[in-house]
Amino acid sequence: MTDEVLVCREGEIADGDVRLIKVGPVEIGVIRHKGSYYAYRNLCPHQGGPVCEGLKLPQVVDLIGEGGTYLGQRFDEDDMHLVCPWHGYEFHLSDGCHVVDRRVRLKKYNVVQRNGEIYVAVRGTMP
């Protein structure tokens, strides 16, 4: 097996979109967000759902005023989350860690950009 798999040419994945690739029995989602690429195994550690096919949403932040007064909510666009479509488990796009329990995480792959092409480093991906 090669160490890198070609995913696409630069710009073929629209910002916010995902491209799924198969490496043997392993499915990997490559996600483009704000010009950067992230790659994760398309398998939620909770119950095996297709996590990379879920929603991509910014973190919801509660706004609390003086004396603990609830002022509403806003989105934190700098902390994008992947939301598993099966049971709503949320993971930080930046590192694949669950938003509450950092011990629960997605299998992350390195993305290599070279000569206008996007590759995923897949050494050791076989289960």
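The values are calculated or read from the model by the stated rules, or taken from the named source; none is laboratory data. Values in this document were obtained by computation on a predicted structure and should not be read as measured data. Ideal geometry is used to build each Cβ from the backbone, glycine not excepted, and the neighbour counts take in all protein chains shown. Please note that ligands, DNA and RNA were not included when accessible areas were found on the heavy atoms of the full protein model with its side chains. Shrake-Rupley method; radii C 1.70, N 1.55, O 1.52, S 1.80 Å.
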Next item on the list: Read phi for every residue in region 52-61 and hand back ³J(HN,Hα) as whole Hz from Karplus 6.51 cos²θ - 1.76 cosθ + 1.60, θ = phi - 60°, with x for Gly and Pro.
Entry: 6, 8, x, 5, 10, 10, x, 4, 8, 10
Next item on the list: Report, by chain and number, residues whose modeled amide H sits under 5 Å from the one on C8, excluding near sequence neighbours (fewer than 5 apart, same chain).
Entry: I118
Margin query: Give the separation of the Cα centroids, region 1-49 to region 61-86, in Å.
Written below: 27 Å
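Run the accessible area of the chain with a 1.4 Å probe and give the carbon-and-sulfur part as a rounded percent.
On the chain, the fraction of accessible area on carbon and sulfur atoms equals 48 percent.
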Checklist line | Cβ crowding within 10 Å averaged over residues, with 89-95, 66-72 ranked highest first | finding: 89-95, 66-72
Note to self: If you count only protein heavy atoms with a 1.4 Å probe, what accessible area per residue comes out for the chain, rounded to a whole Å²?
What the structure shows: 58 Å²
Notebook entry, point to check: Across the chain, how many lysine pairs, 8 or more apart or on two chains, come within less than 17 Å at their alpha-carbon atoms?
Noted result: 4
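Please compute the contact order of the chain in relative form: average sequence separation of alpha-carbon pairs under 8 Å and at least six residues apart, divided by the residue count, as a percent.
Relative contact order of the chain: 27 percent.
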Margin query: Which three extents, in angstrom, do the Cα atoms of the chain have along their principal axes, listed largest first?
Written below: 59, 32, 20
Next item on the list: Could you check which residue among E27, E53, E77 shows the biggest mean-square fluctuation in a GNM of the chain with a 10 Å Cα cutoff?
Entry: E77
